[in-house]
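Quick note: the coordinates plus some simple rules give every number you see, no bench work behind them. Computed from a prediction, not measured in an experiment: that's the story for all the values here. Cβ atoms come from the backbone with ideal geometry, glycine included; neighbour counts cover every protein chain shown.
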Amino acid sequence: MSQDVIIEIRNLTKVYCDFWGRPKVQALNALDLKIHRGEIFGLLGPNGSGKTTTIKLLLGLLFPTKGDALIFNEPTTNVAKNERIGYLPEESYLYKFLNASETLHFYGRLFKIDSAERTKRVNRLIDLVGLSAAKHRQLREYSKGMQRRIGLAQALINNPELILLDEPTSGLDPIGTSEIKKLILDLREQGKTIVLSGHLLADMQDICDRIAILHKGELKEVGKVSDLLTVQDVTQIKTRDLPEAALREIQDVITRHGGELLAIDHPTTTLEELFLRIVRESDLHPGRRRVGERPRDGEPVRPEAATTGSPR
C-alpha cells in the first residue's frame, strides 16, 4: 500500500447470519476503496446502505465475511492501530453522570495521556466544540446536539491521524452544523484524514474532497464531489445587468447552432445560507425584525409587512 493511502479496502463483504448460521442480510458486497492522506472522504447513502458496517469493519469491531482492509498498512484486526484513530459512532454511549470535563479526562486516561497534557487538551477541546458554558453539567442534561459535540471532542482527545465520524451533524441545528463543518475543515488543514458517513448531500458537498455513494451494500459511484455534481451536457451562462436585446441575441445564437435553451433565470441561494445570514444579521442588528410575508410582484407593500426596527 502506498504511503499516501491511509485506508485500502479490497473486495470487502459482510453478511449477517441468523442463530443457525444461515445468511440473513448482506450489508456489504465486494467494496473496493482507497482513501488518501489528508483528504475528507464521505461515505454517502440511505439508511441501511452499509456505511456504519464499513466503519465498524475498519475499526475491527466486526469481522468481514470476505475480503480485507488495511489502515496505516496494517490489517484492521491489529488493535494497536486504534491508538491513532478517533471515532465518533452514530450513537454516542457516554457516561451520563459525568460532566464534559470528567468525560474527556476519563478517555484521556485510557490513552495514557499525562495529567498536564490531558488538562490542556480537555480545556482546548471543550472550547473547540462550544461547550465551555456547559462543561460542568452532567451529560444526562445535554441535548442530542450537545451530546454530538462532546462525542466529537472525545474522538479528538488522542490527537488522532485518522478520524472516523458516523453522522457527525445528527441532531445539530443549522448553526451547529455549520460550526462542525468548519471544525472538520480545520482538522484537514492540520493534516488529519477524515472519513464521514451520512445521508445528507448538503453536508457532504460542502466539505468532502471525494465521496463514495453506497446503496444496498454496493458501491454505486466514487469520485470528486465537483465532478459528480457537474452536469456535463448542460452549459450554464451567468451575466449581470444584461439588456433584453442581448438576451434575445444569445437565444438566437443558441438556436442557430442547434442547441436547446432550457432556462434563463436568476441564481438562488440555499435555505441553509439564508437561515445563517439572517441569524448573523440579527446578531449584528438586535431589534430588527420583519413581520408578514414579502409581497408578490405587482402587489403594494402593506405597512405590517415592512421591516421594523433600525433602518438598514
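Legend: ranking of residues Ser197, Ser101, Ser226 from fewest to most surrounding C-beta atoms inside 10 Å; resulting order Ser226, Ser101, Ser197. Among Thr230, Thr76, a tally of other beta-carbon atoms within 10 Å of each Cβ gives an order, fewest to most, of Thr230, Thr76. Distances between placed amide hydrogens fall under 5 Å for Thr65 paired with Thr13, Lys14, Val15, all partners being 5 or more residues away or on another chain. The phi-based Karplus calculation (6.51 cos²θ - 1.76 cosθ + 1.60; θ = phi - 60°) puts the 3J(HN,Hα) values of the stretch 241-256 at 6, 8, x, 4, 4, 5, 4, 5, 5, 4, 4, 5, 5, 4, 5, 5 Hz, whole numbers, x for Gly and Pro. With the gyration tensor restricted to C-alpha atoms of the stretch 5-229, the semi-axes of the equivalent ellipsoid amount to 29, 20, 18 Å, longest first. Rounded to the nearest 20, the size of the Cβ-charge dipole of the stretch 5-229 about its Cα centre is 460 debye, with Lys and Arg at +1 and Asp and Glu at -1. Counting beta carbons within 10 Å around each of His257, His199 and listing the fewest first gives the order His257, His199.
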